[in-house]
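The values are calculated or read from the model by the stated rules, or taken from the named source; none is laboratory data. As the structure is a computational prediction, the values presented were derived from the model and not from experiment. Positions of Cβ are generated from backbone atoms using ideal geometry, with glycine treated the same way; all protein chains shown enter the neighbour counts. Surface accessibility is based on the protein's heavy atoms, side chains included, excluding ligands, DNA and RNA. Shrake-Rupley method; radii C 1.70, N 1.55, O 1.52, S 1.80 Å.
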Amino acid sequence: MTASLLSSSLAGAINVILTNPLWVASLRIMESKVPSTSSDNGCNTEGQHADTNLWRVTKRIAKSEGVLQLWNGMFVSLLLVSNPAIQHFLYGQLRTWLLDMRNANSSGHGRGLHPSVMTLTPLEAFFFGALAKTGATVVTYPLQLAQVLLRLQSKRTTMSTTLSTVNSTASNVNGKTGEIIGGKYSGTIDCLYQQFLRGGLPALFHGMNAKLLQTVLTAAFTFLTYEQTLTLVGWIYGALRYNHARKQK
């Protein structure tokens, strides 16, 4: 159990470390594609033509902002590696428990193991997959919420840099200083702490119902397909062994 959990977590961590620069570059490309806006005084905030080449954007970030910037936000992503690890761990434990119980009952009646004993039925796989994903989502949802809020804050900060030029022009014309939206969170822990202060424990799980509806059904159908594939492979393997045994005779 422990080895399976550690190996899946290690694989997820390696995947995050290797792909995080690509996510950072992709996010920059998506932000650069946001339609330009115009202020009330006619000032256009449209920037230069956005570069959509992933490799060139990655190199530009590394050159202008430093190589470490390519791994910005990796801490939360590494923590969220625990989501699929917990999901597969819970599913494995539920699956092992049911199959062991079924095997014990089959052995107690003096019957050999049938292929159906080694796999779950579609309904069992669907239910256990949904249950495992629900548990993993409940455990890791506060981190997912913090990640979304920090990304939204980053986008607002990027927009405020563009709006500052417009606000400066407006203040020169009207004698007023425009209000610029600033960042509110200094990091993941600060974000979670502020959410807890605002609404207590329920605030850390705000919007989780929609997340569960989105992910639980997907995971349930994924594990259902997985078990049906195992059943199909088991039957094919059994048929091949049977034919091979007949040829030996």
Selection count, segment 192-236, where residues are of a type in the set (D, E, K, R) and within 16 Å of residue 143 (Cα to Cα): 1
Conditions (1) modelled with pLDDT under 90; (2) open to solvent by less than 70 Å² (accessible area, probe 1.4 Å); number of the one not met by residue 65: (2)
Residues (open to solvent by less than 40 Å² (accessible area, probe 1.4 Å), modelled with pLDDT under 85 and farther than 14 Å from residue 142 by Cβ) located in segment 74-84: 77
Output for segment 215-249, where each listed residue is open to solvent by 100 Å² or more (accessible area, probe 1.4 Å) and free of Cβ contacts under 8 Å to residues at least 40 places away in the same chain: 232, 237, 240, 241, 242, 244, 246, 247, 248, 249
Condition check for residue 96: at pLDDT 80 or above and either in contact with a His (Cβ under 8 Å, 6 or more places away or on another chain) or of a type in the set (S, T, N, Q) (or both): yes
Answer residue from segment 3-29, given it is over 18 Å from the mean Cα position of the chain (by Cα) and over 16 Å from residue 81 (Cβ atoms) and is least open to solvent (accessible area, probe 1.4 Å) among those: 29
Residue check for residue 8: in a helix (DSSP H, G or I), at pLDDT below 80 and among the small types (Gly, Ala, Ser): yes
Whichever residue in segment 193-206 is in contact (Cβ under 8 Å) with a residue 40 or more places away in the chain and open to solvent by 40 Å² or more (accessible area, probe 1.4 Å) and, among such residues, is farthest from residue 92 (Cα to Cα): 206
